[in-house]
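Novice: Sharing a structure, written as structure tokens. Questions coming.
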Amino acid sequence: MPANGVVAIGWPQLLLAAGFIVITGALSIAIGLGIVKDLAIASVRTYLQLLALGFVLRWVFSVRLWWIVVLLLGIMTLMATRIVVKRAPDAPRGLFGSAFVSMAITGITVTFAVTALIVRVPVWYEPRYVIPIAGMVLGNSMTGIALALERLFADLDARSGELLALTALGADRWEAARGSVRMALRAGLIPTINSMAAAGIVFIPGMMTGQVLAGADPLEATKYQIVVMLMVSAATAVGSILAVMLAYRRAFTENGTFLEKGMRGPAS
């Protein structure tokens, strides 16, 4: 084993790992799932995107320029927002701005709180810490926000008759949508809560596994993983609340009348 504890994976071994997907594809064909094409495209994208990321991060870590770090964080936030909006097809027009604000506030606040107060990096823009932590914050909060927004508008539409009656009787937007808002927030937080409850018993989380494989002391890896789990839960909660509270109003007119699905413009 190398002195730094990392066992290098060669290019032949990296290609050999594609055998797992070949087996999955063969099973899909045998059962008739019809996902072979999607599986192949996703696999190729995994190789290309992650290898490209590896080369980019190697360069970013070497130059260590603050504006490059900020630019990457902005690109990551934009892409995460785009994915969130795509996962909420029933959302009204203008959701992108609300989702971006939620993602940006959550990502910046939680990321730099962790790097400054807990990890205590010597330079605020240290890319080796800021970018991976921001990626975990944005990636996990993105999933929670997307689930919350999708559930919000699905539940509002399911209650359309009730909402029209409530607003006709004088209820304001919050009074009418409150039940859907609470249900959406619970839906966005449940996956994170389940992961926290199962960590260390059912599975070993990804960051801890990576550090252990890289030769880190298991106890130190555990400390980092605890920080990650807690920051992800906070980011998901704050991001989901911000996104839902900004978004639910768009399902109503200015005077508080509920807009049914066919009357709302698509999110863009």
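Novice: Taking the conditions exactly as written (in contact (Cβ under 8 Å) with a residue 24 or more places away in the chain and of a type in the set (Ser, Thr, Tyr)), does Tyr125 satisfy them or not?
Specialist: So Tyr125 fits the description; yes.
Novice: Select from the stretch 145-178 the residues that are open to solvent by 40 Å² or more (accessible area, probe 1.4 Å), assigned to a helix (DSSP H, G or I) and either farther than 14 Å from Pro89 by Cβ or free of Cβ contacts under 8 Å to residues at least 12 places away in the same chain (or both) and list them in ascending order.
Specialist: Ala158, Gly161, Glu162, Leu164, Ala165, Leu166, Ala168, Arg173, Trp174, Glu175, Arg178
Novice: Just one of the numbered conditions (1) closer than 26 Å to Ala134 by Cβ; (2) touching a Ser or Thr at 6+ places or on another chain (Cβ under 6 Å) is not true of Ile35; which one?
Specialist: Unmet condition: (1).
Novice: Moving to a separate point now. Does Arg128 count as assigned to a helix (DSSP H, G or I), surrounded by fewer than 17 Cβ atoms within 10 Å (Cβ to Cβ) and either out of contact with any strand residue (DSSP E or B) (no Cβ under 9 Å at 6 or more places or on another chain) or at pLDDT below 90 (or both)?
Specialist: yes
Novice: With open to solvent by less than 50 Å² (accessible area, probe 1.4 Å), of a type outside the set (A, V, I, L, M, F, W, C) and without any contact (Cβ under 8 Å) to a residue 24 or more places away in the chain as the only criterion, which of Ser28, Ser62 stands out?
Specialist: Ser28
Novice: Applying the selection to the stretch 191-247, what residues are surrounded by 14 or more Cβ atoms within 10 Å (Cβ to Cβ), within 21 Å of Met142 (Cα to Cα) and β-branched (Val, Ile, Thr)?
Specialist: Within the stretch 191-247, Thr192, Ile226, Val227, Val228, Val232, Thr236, Val238, Ile241, Val244 meet the criteria.
Novice: Here's a follow-up. The conditions are (1) in contact with a helix residue (DSSP H, G or I) (Cβ under 8 Å, 6 or more places away or on another chain); (2) of a type in the set (Phe, Trp, Tyr); (3) open to solvent by 50 Å² or more (accessible area, probe 1.4 Å), and Trp67 fails exactly one of them. Which is it?
Specialist: (1)
The values are calculated or read from the model by the stated rules, or taken from the named source; none is laboratory data. Because the structure is predicted, anything quoted here is derived from the model rather than measured. With ideal geometry, Cβ positions are generated from the backbone for all residues, glycine too; neighbour counts draw on all protein chains shown. Side chains are part of the model used for accessible areas, which takes the heavy atoms of the whole protein and leaves out ligands, DNA and RNA. Shrake-Rupley method; radii C 1.70, N 1.55, O 1.52, S 1.80 Å.
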